[in-house]
Each structure stands twice: as C-alpha cells, then as structure tokens.
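The values are calculated or read from the model by the stated rules, or taken from the named source; none is laboratory data. All values derive from a computational prediction rather than experimental measurement. Here the Cβ positions follow ideal geometry from the backbone for every residue, glycine too, while neighbour counts run over all protein chains shown.
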C-alpha cells in the first residue's frame, strides 16, 4: 500500500481538505468492520461524519416458517437496489454540491454503496471509494448499473487486499485466515487524517481533533470542539 497507494491517499486528502476549507461536509459510509475506529476517536478529526443506516423489524411468531433464513434488514436492502431508499438517505444526510462522500466497501459489489455513490455524484458530491480492486474485479457486477463501486467513484484508494480478503493459508484447513481489510483500512484512514490535518494547517486552518477521554480536561475540550464544529464545520 505504501508503495502503490501513497499518491492516491494524497489526492484524496487534498480533495477532502479543500472541501473542509470551503465549509463542505465529509460524509462517511462504512461497509467494512472497522468504521467506528475513527468516530470520536482520540487524535481523530471531528469533521468525519459517519452515516449509520438502520432498519429494525420486530416480530415474534411460534410458527416454524418464521425461524429460518434469518438475515438483517440492512443486508436485505444492501443487495437489492430496488428496495433501497437512496433519495431518502441522501436527503437525511443533506448531501450538497462540493461535499465529500467517502465509502468503504471491500468487495465494492453491494447495491447500497454503489447506489449511494451514484446518488451522491448526481447531487454534486465528490465520491471517494476505499475498496479492493483485486476483489472487485474477481466478482461479476450485480448492481443494475453493471458497475462496481470503484467504477462509479471520482477517487479510489485500493486497499490492496486479495479476492476473498483473507491472507493466510494454514495446512490442514480448508479456509484461509486473517482478513486484510481491517489492517489496510486503519492504515488508509490514519494516513488520510494526518495528511488532511497537515494540508489544512498549511492553509492557516487548525482542524479540531478529539482529545483522549482519560487526559485532564478532555470532556471540556471535546465539548468545545463539538460546539466549534457545529459553528465552523471544522
């Protein structure tokens, strides 16, 4: 990643820093497993705005037919574009021209992130995809557009992971172990946040960063940066 993706990370950081300096919004949808690492995290930028999409259906029946095929409602809408209320999501997120829509999807094949990327672009946002090109290209497109996430994005950072995401083959086991995407995503995100911070400082802007909750005065600092972000967007 350091060898092949440093320039892509720099380009993405430049786009995000320029948007933040112009008081635009940095939106973030994570379809991986490590997104919360960067939300409210010590040393992290408050300007990162996660999108959380939930659909809960509660129902109880003693009949056996209701006990099979269990899957979350989000998984259901993620794969079936026709059932995803994309405009509703974009409206709730108040996507505006000049915003950044950053989407992390390792395979880049699910309906939700692709539809969200297309919808955000149509509203004038710049779409940044963090995905595995090798994994994506090993899969047939399933979205109605016939495209994968990286094919609809404006900027792409390749997490350099293999098809299937796993890294390690152990003799005597059918399946490989150790997913690569968590490690690569952490590397990409902290590299992005460091570069964005440096670029903003060069513009004369000191971005607001969370203080570790265990340090003296952390609550007051974090409350003050929350107020500042609400007023200034940084």
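Can you tell me which residues in region 220-234 are in contact with a helix residue (DSSP H, G or I) (Cβ under 9 Å, 6 or more places away or on another chain) and under 12 Å from residue 209 (Cα atoms)? Before you say what the answer is, go through the steps one by one.
Pass one, region 220-234, residues in contact with a helix residue (DSSP H, G or I) (Cβ under 9 Å, 6 or more places away or on another chain): 233-234.
The one that is in contact with a helix residue (DSSP H, G or I) (Cβ under 9 Å, 6 or more places away or on another chain) and under 12 Å from residue 209 (Cα atoms): 234.
For (1) touching a helix residue (DSSP H, G or I) at 6+ places or on another chain (Cβ under 7 Å); (2) modelled with pLDDT of 75 or more, each residue gets a yes or a no:
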{"site": "7", "(1), (2)": "no, yes"}
{"site": "16", "(1), (2)": "yes, yes"}
{"site": "30", "(1), (2)": "no, yes"}
{"site": "42", "(1), (2)": "no, yes"}
{"site": "64", "(1), (2)": "no, no"}
{"site": "78", "(1), (2)": "yes, no"}
{"site": "105", "(1), (2)": "yes, yes"}
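Look at (1) under 13 Å from residue 104 (Cα atoms); (2) surrounded by fewer than 20 Cβ atoms within 10 Å (Cβ to Cβ) and you find that residue 124 fails only one, number (1).
When residues in region 180-221 are screened for being more than 19 Å from residue 6 (Cβ to Cβ), surrounded by 18 or more Cβ atoms within 10 Å (Cβ to Cβ) and either without any contact (Cβ under 8 Å) to a residue 60 or more places away in the chain or over 23 Å from the mean Cα position of the chain (by Cα) (or both), 0 of them pass. For region 190-198, indicate whether the set of residues that are farther than 17 Å from residue 9 by Cβ, at pLDDT 95 or above and touching a strand residue (DSSP E or B) at 6+ places or on another chain (Cβ under 9 Å) is non-empty. The answer is no; no qualifying residue exists.
Here residue 49 fulfils each of the conditions (1) modelled with pLDDT of 85 or more; (2) in contact with a helix residue (DSSP H, G or I) (Cβ under 7 Å, 6 or more places away or on another chain); (3) not in a helix (DSSP H, G or I) apart from (2). Taking (1) touching a strand residue (DSSP E or B) at 6+ places or on another chain (Cβ under 7 Å); (2) surrounded by fewer than 19 Cβ atoms within 10 Å (Cβ to Cβ) in turn, residue 14 satisfies each apart from (1). Number of residues in region 117-164 that are assigned to a loop (DSSP other than H, G, I, E, B), in contact (Cβ under 8 Å) with a residue 40 or more places away in the chain and under 19 Å from residue 186 (Cα atoms) equals 4.
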